[in-house]
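Inspection log for the structure reproduced underneath, given as structure tokens.
The values are calculated or read from the model by the stated rules, or taken from the named source; none is laboratory data. From a predicted model like this one, the values you see are computed outputs, not experimental measurements. Don't worry about glycine lacking a Cβ; one is built from the backbone with ideal geometry, like all the others, and counts go over all protein chains shown.
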Ligand code: AMP
Ligand code: MN
Ligand code: MN
Ligand code: MN
């Protein structure tokens, strides 16, 4: 079975429109898909207008990826099977949208100190919406010849610990887990291998997440070595977390994950439960 429970459209920082993403999912023979745009569910507004055109072979699950920070570390929480029209998701989206606006203003201010001038209206025009993320700002810096690549923009200014990085602006993790849970959804730790934590800290983080009501963890995020997958399978098993998988697909590009993961190849000897059996 080919599935994907973490990917992005151009409603956040992905390149494909929701319709194009669905078409790619059909092309790649996906049976189950969740779009998880950053702090936004607008992709579903577009897709739901033509939901009856979806083939029976593809099941679509409502999703979102919400930004937070825990002990000063930037963390992403995926919410699956959420009611996008519920009070709690509407509240989550509106809170995080305001946080993004304020963060963008702060980043622009910090960059101005480095003699980098960003026009907010042009930034929104270039993004195609006002759900601005760091990749949009990075692209702006490339377009205006401040840096040679998006990667360089992160390395120089926008990445963790760099001069224009804003550490704290999001809702806290417990709030986010509650928003997802109250919307009937399942809260999942996104790409756990991306956070720079010691083993001890990672255990403490996962235990805190569970204590706050979190239910799952991504055992596969994009392309990763098998030993990383095995590590997270063990962790999911030890902590009693549901296992999820996602490509974190943003665009069609060389050396980057495409949409869809064949879960038939996941070898599980332990007593692990997959999130897709609970959707
Ligand atoms: P934001 O949600 O605004 O904090 O932006 C985070 C997004 O930026 C991630 O979801 C990635 O898509 C992208 N990103 C993070 N780090 C990098 C990097 N070093 N180079 C390019 N894109 C990155
Ligand atoms: Mn992204
Ligand atoms: Mn993420
Ligand atoms: Mn993502």
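Key figures
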read-out: Selection status of residue 189, buried (at least 17 other Cβ atoms within 10 Å of the Cβ), in contact with a strand residue (DSSP E or B) (Cβ under 6 Å, 6 or more places away or on another chain) and at pLDDT 95 or above; value: yes
read-out: Per-region count, segment 94-127, residues within 15 Å of ligand 1 (Cβ to nearest atom) and outside any helix (DSSP H, G or I); value: 1
read-out: Check on residue 146, out of contact with any strand residue (DSSP E or B) (no Cβ under 7 Å at 6 or more places or on another chain), crowded, with 19+ Cβ neighbours inside 10 Å and not in a helix (DSSP H, G or I); value: yes
read-out: Residues being out of contact with any helix residue (DSSP H, G or I) (no Cβ under 8 Å at 6 or more places or on another chain) and either assigned to a loop (DSSP other than H, G, I, E, B) or over 21 Å from residue 34 (Cα atoms) (or both) - total across segment 259-272; value: 2
read-out: Test for residue 25: is it touching a strand residue (DSSP E or B) at 6+ places or on another chain (Cβ under 6 Å), part of a helix (DSSP H, G or I) and within 16 Å of ligand 2 (Cβ to nearest atom); value: no
read-out: Number of the exception - residue 1 against (1) under 14 Å from residue 251 (Cβ atoms); (2) in contact with a helix residue (DSSP H, G or I) (Cβ under 7 Å, 6 or more places away or on another chain); (3) more than 16 Å from ligand 4 (Cβ to nearest atom); value: (1)
